[in-house]
1. Starting from residues that are in contact with a strand residue (DSSP E or B) (Cβ under 6 Å, 6 or more places away or on another chain) and under 10 Å from residue 83 (Cα atoms), keep the ones in region 1-15 and report whichever is farthest from the ligand (Cβ to nearest atom).
2. Out of the residues in region 303-334 meeting the condition of being assigned to a loop (DSSP other than H, G, I, E, B) and either of a type in the set (Gly, Ala, Ser) or closer than 14 Å to residue 107 by Cα (or both), tell me which one is nearest to the ligand (Cβ to nearest atom).
3. Return yes when residue 44 is crowded, with 24+ Cβ neighbours inside 10 Å, more than 8 Å from the ligand (Cβ to nearest atom) and either over 17 Å from the mean Cα position of the chain (by Cα) or at positive phi (or both) and no when it is not.
4. Please state which one of 71, 38 is near the ligand (Cβ under 10 Å from one of its atoms) and over 18 Å from the mean Cα position of the chain (by Cα).
5. Looking at (1) under 23 Å from residue 29 (Cβ atoms); (2) open to solvent by 30 Å² or more (accessible area, probe 1.4 Å); (3) in contact with a strand residue (DSSP E or B) (Cβ under 8 Å, 6 or more places away or on another chain); (4) not aromatic (Phe, Trp, Tyr), can you tell me which one residue 270 breaks?
6. Please go through region 92-104 and give me each residue that is within 13 Å of the ligand (Cβ to nearest atom) and in contact with a strand residue (DSSP E or B) (Cβ under 6 Å, 6 or more places away or on another chain), ordered by number.
7. In region 125-134, is there at least one residue being closer than 20 Å to residue 314 by Cα, at pLDDT 95 or above and either within 16 Å of the ligand (Cβ to nearest atom) or in the same structural domain as residue 70 (by TED's automatic domain parsing) (or both)?
8. Which condition number does residue 76 fail, the rest of (1) among the small types (Gly, Ala, Ser); (2) more than 9 Å from the ligand (Cβ to nearest atom); (3) crowded, with 22+ Cβ neighbours inside 10 Å being met?
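The values are calculated or read from the model by the stated rules, or taken from the named source; none is laboratory data. As the structure is a computational prediction, the values presented were derived from the model and not from experiment. Here Cβ is always computed from backbone atoms with ideal geometry, including for glycine, and neighbour counts include all displayed protein chains. Only protein heavy atoms, including side chains, enter the accessible area calculation; ligands, DNA and RNA are left aside. Shrake-Rupley method; radii C 1.70, N 1.55, O 1.52, S 1.80 Å.
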Amino acid sequence: MEKIKVAVIGATGAVGQVFMWMLADHPMFEVDYLTASAARANQVYGSTVHWLLPFEMPHAIRGRVISEFNAEEMKARGVKIVFSALPSSVAAEAEPLLRDMGFFIFSNAAAMRYHNNVPILIPETNIETLSLIEDQGFPKRGFVVTNANCVTTGLAMAVAPLRKYGIKEINLCSYQSVSGAGYPGLSSFDITDNCIPYIGGEEEKIAKEIKKILNFNPIVDAYCVRVPVMFGHLEAVWLTLEEDVSVDDIIQTWADFKEVPDLPSTPKQPVVYDSSNTFPQPKYAFWGTPKGMEVYTGRVKKQGNRIGFMLLVNNLVKGSAGGSIQNAEAFVAQYGITQS
Ligand SMILES: NC(=O)c1ccc[n+]([C@@H]2O[C@H](COP(=O)([O-])OP(=O)(O)OC[C@H]3O[C@@H](n4cnc5c(N)ncnc54)[C@H](OP(=O)(O)O)[C@@H]3O)[C@@H](O)[C@H]2O)c1
């Protein structure tokens with residue numbers, strides 16, 4: 001099958017690099033167009049990018065030339081899908097413009113997440129919300145599908161299968177890696193040997209997004225902390241349930257939570273529990289197949305109808321670019337999209 005032409009906008013940032021890595025050899029998509037800020041137009045990707053990922057840059061993307069942002073040219077070249085890794089303020093202007101030109105946009109930016117007809121999609125948890133693209137005018141018009149804030153994605157994955165126990169309250173504390181702030185992100189003076197107990201806007205986003213994604217209304221209280229690790233967000237979560245559920249039932253419920261069929265970027269076991277009392281750790285952020293797409297849980301505790309656990313999500317892969325690619329795969333599978 002002819003691969004579908006995609007563009008990556010914001011291809012040089014932390015999230016953009018994961019798009020470029022994961023799309024370098026993707027069975028459904030080929031990167032036809034890539035952009036960054038205006039200063040990088042016409043530069044060679046491998047020479048200009050500050051590569052952050054903990055493995056080699058794929059050879060296939062090193063010689064790619066970065067284009068200036070030109071939506072007309074993207075259209076003329078036959079690009080159908082746009083993966084957006086733009087800062088939110090830039091996305092707020094660019095994404096509606098691209099949508100109105102008929103592109104199918106899968107975005108990491110927060111700019112359009114809270115619009116009523118824009119889904120915050122995680123295929124394993126709320127695939128039914130993909131049909132909101134029809135409210136945006138698809139198939140006659142383009143659309144925007146977003147993915148969640150990265151902490152929320154990990155939380156939604158672990159909590160979605162537990163919804164059947166009635167979740168009244170969610171309390172969490174996150175330990176978030178520096179890559180979550182993009183590149184160059186925080187000053188090394190601020191984060192080396194230090195933790196910062198505030199990430200602007202993050203706690204409010206978690207409360208708002210988890211309710212929209214899982215279509216429920218628990219009390220949500222979060223503290224978000226930036227810690228000096230490179231990749232992966234760890235979360236300590238307490239749920240207050242309506243039912244009295246055993247630790248074994250919680251672990252079995254995660255084990256029974258299986259893949260959405262036939263999506264290349266969906267792991268066979270999306271939530272992986274391990275009983276070791278030192279699991280999970282951020283150093284496992286790129287474990288699994290596909291790398292970085294599994295969410296890890298551990299340290300389950302019970303106090304009456306309260307269940308506590310730790311989780312780890314790779315903020316750049318499942319929590320952003322990988323999640324977007326998975327969303328686009330779900331869209332192509334559901335609507336039978338082809339390049340021609
Ligand atoms: N990092 C995460 O864990 C994470 C998780 C979930 C969602 N997100 C969201 O994903 C988006 C990207 O995050 P990031 O961490 O990758 O940020 P980043 O490292 O700062 O990268 C931003 C990208 O946008 C480009 N860019 C910046 N200003 C631009 C402009 N005016 N016009 C065109 N391109 C511009 C940059 O190009 P240059 O390199 O040339 O400056 C770079 O490619 C953000 O909206 C963020 O909130 C991030």
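1. Per the criteria, the residue is 6.
2. Within region 303-334, the subset assigned to a loop (DSSP other than H, G, I, E, B) is 304-305, 314-316.
Right, trim to either of a type in the set (Gly, Ala, Ser) or closer than 14 Å to residue 107 by Cα (or both) and you get 304, 316.
Details: 304: 35, 316: 5 Å.
Once the filter is applied, the top-ranked residue is 316.
3. The answer is no for residue 44.
4. It is 38.
5. (2)
6. Filtering region 92-104 down to residues within 13 Å of the ligand (Cβ to nearest atom) leaves 92-95, 97-98.
Those that are within 13 Å of the ligand (Cβ to nearest atom) and in contact with a strand residue (DSSP E or B) (Cβ under 6 Å, 6 or more places away or on another chain): 95, 98.
7. Step one: filter region 125-134 for residues closer than 20 Å to residue 314 by Cα, giving 125-126.
From what is left, the residues that are at pLDDT 95 or above are 125-126.
Within this subset, residues satisfying the condition of being either within 16 Å of the ligand (Cβ to nearest atom) or in the same structural domain as residue 70 (by TED's automatic domain parsing) (or both) are 125-126.
Yes, some residue in region 125-134 is closer than 20 Å to residue 314 by Cα, at pLDDT 95 or above and either within 16 Å of the ligand (Cβ to nearest atom) or in the same structural domain as residue 70 (by TED's automatic domain parsing) (or both).
8. Unmet for residue 76, out of (1) among the small types (Gly, Ala, Ser); (2) more than 9 Å from the ligand (Cβ to nearest atom); (3) crowded, with 22+ Cβ neighbours inside 10 Å: (3).
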